[in-house]
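So the structure is just underneath, and the comments pick up after that.
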Amino acid sequence: MVLTGSLKSLLPHVLRRIIRCNRLSISNTSGMAEGYKQANVVILHKSLADDFEKFCHANDGPLPLLYRSKPGDWKCPSLSSDSDIRTDCLQYRMYEHGACTGSLKSLKEYSEQLKDMVTFYLGCSFSFEKAVQNAGIPIRNVEQKCNVSMYKTAVPCYRVSAFCCNLVVTMRPIPESKLEAAVQATSELKEAHGAPIHMGDPGLLGIQDHSKPDYGDPVHLHPGDIPVFWACGVTAVEAIIGCRAPLAFTHSPGCMFITDLKNDNVAVRSSRETPQVHCISQDPLHYSIVSAEAAQKIKTLETLIGIDPGDRGIIHLHRQDELLKACLSISHARSVLITTGFPTHFTYEPPEENDGPPGALAIAAMLQALEKEVAIVTDQRAMNLNKKIIEEAVHLGILKRPVPLLSFQRESADSALMFLCENGNPGRPRFDHLIAIERAGMAADGNYYNARKVNIKHLVDPIDELFLAAQTIPGVTTTGVGDGGNELGMGKVKDAVKKHIKNGDVIACDVEADFTIVAGVSNWGGYAIACALYILSTCEIHDRYLRKAVGFPQLSKKMVWLSALPSVTKEEKLLKTLVRLGVRSGKTASLEMEVDGLPFYNTHSVMIEKLL
């Protein structure tokens, strides 16, 4: 027998020869032949080969195709010089009509059947282990001398003919401080599955118990480790099971084919394409990925909207990167609830101001273009007004279709939970993300105040309770957009509001949001969210992470997203509609302010358009 401690330094052809002679007593090839590519193996009848190849190309994250043999060809000259696929894996599995019917050390006894079969060699995450270690990141399964953990997920792959299955992933515990390094070390290794497809709570992938992998061994997390998941070639095994082929063979999970190819053919990445990692939720724990270029554009947007035309001191409320993190969270959301409405003109009818609705509709328009569910909740007394605004927005082409309009009243202690979740069950939320933009927020004394300290509580429904309830529902995150500190969600910066904003000690909103976006005019915050969502959607690194590296890039929809962006023309039309409906401006330093001879609002929008 060969001592396993020396296997990592052996050359591939030597390892294959040892495996061929059945002289190894180990259960997997993780850590072997460091720096060389390893491959998953699928062998199926030639009649299925073309469809399976299409399936691989349609799901190239889990199934990066390295080589396809001809029928009956046991060699793979582009991957190795002297191999025989019948003998050169540690162990094989045989499948008949979708059922695993045996584990084998050799396929030689099936040589006659193999004459009509095609072998596919697919990239493997064992290939990137050396690159990860070179980045100073431990490989816990190698340390623990066991196979990597592999799990079936609830993520469907893109179907091709009879090949239909859910994604399988590997999990490696990574120290939190090393997450970004792990992403950067693997993102360019496309033939070894590339960057992770999820970082954080396994439940978000449909994995119920990470201590019980479907394949491989349990790998223990150290304190401070985050579970990080990569697409896995064992997805092919699930595809073979699903297609119920009369006869098929695969490698046994973890028992890879070792190639002669080195992992040194990595494309040079520009600094703009460097992936960044950001935490977007603590409960459940969830991180997202974005390119440095996209992140910088969104940070520029955040600076742009932070201009303070009323000189009210909002610079003291600003929290860096809140726009980026909020939009990353919204990008992952399936269903979004938006609220707006600040009845500052309490002696008029309607009492609403024109800051808020345009920004809310700009967000809704982009969410519709991104094919997310979106609804708006507002005060019962303002339902008719908002219905007319939405109808006009559809007529003007700002919205593709009407947005469902809801109202909320507190009828019992669990009213908010019943509103947000199916049958009040926190495990079944109707919305993933709540956004408040220029929405009157409850102060510490339970009242609602405009900037002049006038109590307008009699005009405001208790929508704050939805944001408070959201704090108790795992997986529901919130964003507040404001320009003065008395708006819903600004509780996160209430101390700064009390210290730096006129009347802040009275008017400061006490209700927090997970993310707080501060803008010179709240509408600008809405426009920035819409623009940032567009930027994220056109970021290839983020797009791949969103779709879990299965299916095809969504960039073909770019023109649809582009048409949903806010523009000077759209917003001017909507503001005129609001005037016609009797809605007044709420800012003394309002959109009429001029910069370089142009209305400040227009200048601002033009700058955003140039940025995009």
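The values are calculated or read from the model by the stated rules, or taken from the named source; none is laboratory data. Everything quoted here is computed from the prediction, not taken from an experiment. Neighbour counts are summed over all protein chains in view; Cβ atoms, including those assigned to glycine, are modelled from backbone coordinates with ideal geometry. SASA here: full protein model, heavy atoms, side chains in, ligands and nucleic acids out. Shrake-Rupley method; radii C 1.70, N 1.55, O 1.52, S 1.80 Å.
Within straight cross-link reach of residue 108, meaning Cα distance under 18 Å, which aspartates and glutamates are found once same-chain residues fewer than 8 apart are removed?
In chain and number order, the partners are 73, 82, 84, 88, 96, 116.
For the range 196-285, what is Rg from Cα atoms divided by 2.2 N^0.38 Å, rounded to two decimals? Mind dumping the intermediate values first?
Values: Rg = 17.3 Å, N = 90, 2.2 N^0.38 = 12.2 Å.
Ratio of Rg to 2.2 N^0.38 Å for the range 196-285: 1.42.
Please pull out the direction-averaged projected area of the chain, using the convex hull of its alpha-carbon atoms, in nm² to one decimal place.
On the way: hull surface 116.0 nm².
Computing the convex hull of the Cα atoms and averaging its projections yields 29.0 nm².
Quick one: ranking 74, 230 by accessible area, 1.4 Å probe, largest first, what do you get? Spell out each step's value before the answer.
Working: 74 65, 230 0 Å².
Largest accessible area first, the list is 74, 230.
What do you get for Rg/Rh of the range 299-344 when both radii come from the Cα atoms and Rh is the Kirkwood radius?
Numbers: Rg = 13.5 Å, Rh = 12.9 Å.
When Rh is taken as the Kirkwood radius, the ratio is 1.05.
With no solvent and one point on each alpha carbon, what is the Debye value of log10 I(q)/I(0) for the range 10-271 at q = 0.08 Å⁻¹?
Log10 I(q)/I(0), no solvent term: -0.28.
Starting from the 7 Å offset along Cα-to-Cβ, what nm value, one decimal, do you get for the label separation of residue 540 and residue 468?
So the label points at residue 540 and residue 468 sit 4.9 nm apart.
Once you place label points 7 Å from the Cα toward the Cβ at residue 409 and residue 111, how far apart are they in nm?
If labels sit at residue 409 and residue 111, their model points lie 8.3 nm apart.
Normalised by the residues of the range 1-119, what does the relative contact order come to in percent, with Cα pairs under 8 Å and at least six apart?
So the answer I get is 29 percent.
Note down, for the range 152-301, the three equivalent ellipsoid semi-axes (square root of 5 times each alpha carbon gyration tensor eigenvalue), biggest first, whole angstrom.
On the way: eigenvalues 163, 79, 54 Å².
Whole-Å semi-axes of the equivalent ellipsoid: 29, 20, 16.
Tell me, what is the 1.4 Å probe accessible area of residue 584, in Å² to the nearest 10?
For residue 584, solvent-accessible area is about 80 Å².
Sort 560, 481 from largest to smallest accessible area, using a 1.4 Å probe on the heavy atoms of the protein chains.
On the way: 560 65, 481 0 Å².
Of 560, 481, the descending order of accessible area is 560, 481.
Quick one: how many Å² of residue 400 are accessible to a 1.4 Å probe, rounded to 10?
About 120 Å², ignoring ligands and nucleic acids.
Here are some pairs, 178/325; 457/492; 457/573; 299/557; which of them have Cα atoms lying more than 27 Å apart in this structure? Please report the intermediate quantities before stating the final value.
Numbers: 178/325 19 Å; 457/492 21 Å; 457/573 31 Å; 299/557 24 Å.
Over 27 Å Cα-Cα: 457/573.
At 1.4 Å probe size, with no ligands or nucleic acids counted, give the accessible surface of residue 442 in Å², nearest ten.
So the heavy atoms of residue 442 present about 50 Å² to solvent.
Can you list the aspartates and glutamates whose alpha carbon sits under 18 Å from that of residue 212, skipping same-chain ones fewer than 8 residues off?
Correct list for residue 212: 201, 225, 238.
With a cut-off of 8 Å between alpha carbons and a minimum separation of six or more residues, what is the relative contact order of the chain in percent? Write down the numbers at each step before the final one.
On the way: 1380 pairs, mean separation 88.5, N = 612.
Relative contact order, the chain: 14 percent.
Give me the one-decimal nm value for the distance between modelled label points at residue 103 and residue 154, 7 Å along each residue's Cα-to-Cβ direction.
Taking the simple label geometry, residue 103 and residue 154 are separated by 3.0 nm.
Using a Förster distance of 45 angstrom, determine the FRET efficiency expected from the C-beta separation of residue 27 and residue 428, and round it to 0.05. Intermediate results must be reported in sequence, preceding the final value.
Numbers: r = 40 Å, r/R0 = 0.89.
Approximately 0.65, to the nearest 0.05.
Any idea of the accessible area per residue across the chain, 1.4 Å probe, to the nearest Å²? Could you put the intermediate results ahead of the total?
Numbers: 24360 Å² over 612 residues.
Per residue, the chain has 40 Å² of solvent-accessible surface.
To the nearest Å, what is the center-to-center distance of the range 86-154 and the range 306-380, using C-alpha atoms only?
50 Å
I need the semi-axes of the equivalent ellipsoid of the range 361-421: take the C-alpha gyration tensor, multiply each eigenvalue by 5, square-root it, list largest first in whole angstrom.
On the way: eigenvalues 122, 46, 7 Å².
One finds semi-axes of 25, 15, 6 Å for the range 361-421.
Past the 27 Å Cα-Cα mark, which pairs from 297/388; 54/152; 46/548? Please list the in-between numbers first.
Values: 297/388 34 Å; 54/152 22 Å; 46/548 29 Å.
Correct reply: 297/388; 46/548.
Could you state the angle between the C-alpha long axis of helix 568-580 and the longest principal axis of the C-alpha atoms of the chain, as a value from 0 to 90 degrees rounded to the nearest 10?
Compared with the principal axis, the helix lies near 40 degrees.
At a 10 angstrom cut-off on C-beta neighbours, averaged per residue, how do the peptides 99-109, 491-501 rank from highest to lowest?
Values: 99-109: 12.9, 491-501: 20.3.
The packing order, highest mean first, is 491-501, 99-109.
Given a Förster radius of 41 Å and the C-beta distance between residue 221 and residue 579 as r, what FRET efficiency does 1/(1 + (r/R0)^6) yield to the nearest 0.05?
Numbers: r = 58 Å, r/R0 = 1.42.
Efficiency computed from Cβ-Cβ geometry: 0.10.
Work out the FRET efficiency for residue 568 and residue 387 from their Cβ-Cβ distance, taking R0 = 22 Å, and round it to the nearest 0.05. Walk me through the numbers before you get to the answer.
Details: r = 26 Å, r/R0 = 1.17.
Working from the Cβ atoms, E equals 0.30.
What is the range 275-573's relative contact order, in percent, from Cα pairs under 8 angstrom and six or more apart in sequence?
Working: 641 pairs, mean separation 72.0, N = 299.
For the range 275-573, the relative contact order is 24 percent.
Sorted by accessible area with a 1.4 angstrom probe, largest first, how do 161, 81 fall?
Numbers: 161 75, 81 95 Å².
The most accessible residue leads, giving 81, 161.
Do me a favour and compute the ellipsoid semi-axes for the range 275-573 from its Cα gyration tensor, root of five times each eigenvalue, largest one first, whole Å.
Working: eigenvalues 154, 87, 82 Å².
So the equivalent ellipsoid measures 28, 21, 20 Å along its semi-axes.
Carbon-plus-sulfur fraction of the accessible area of the chain, 1.4 Å probe, in percent? All intermediate terms of the calculation are to be shown ahead of the outcome.
Numbers: 12320 of 24360 Å².
Ligands and nucleic acids excluded, carbon and sulfur give 51 percent.
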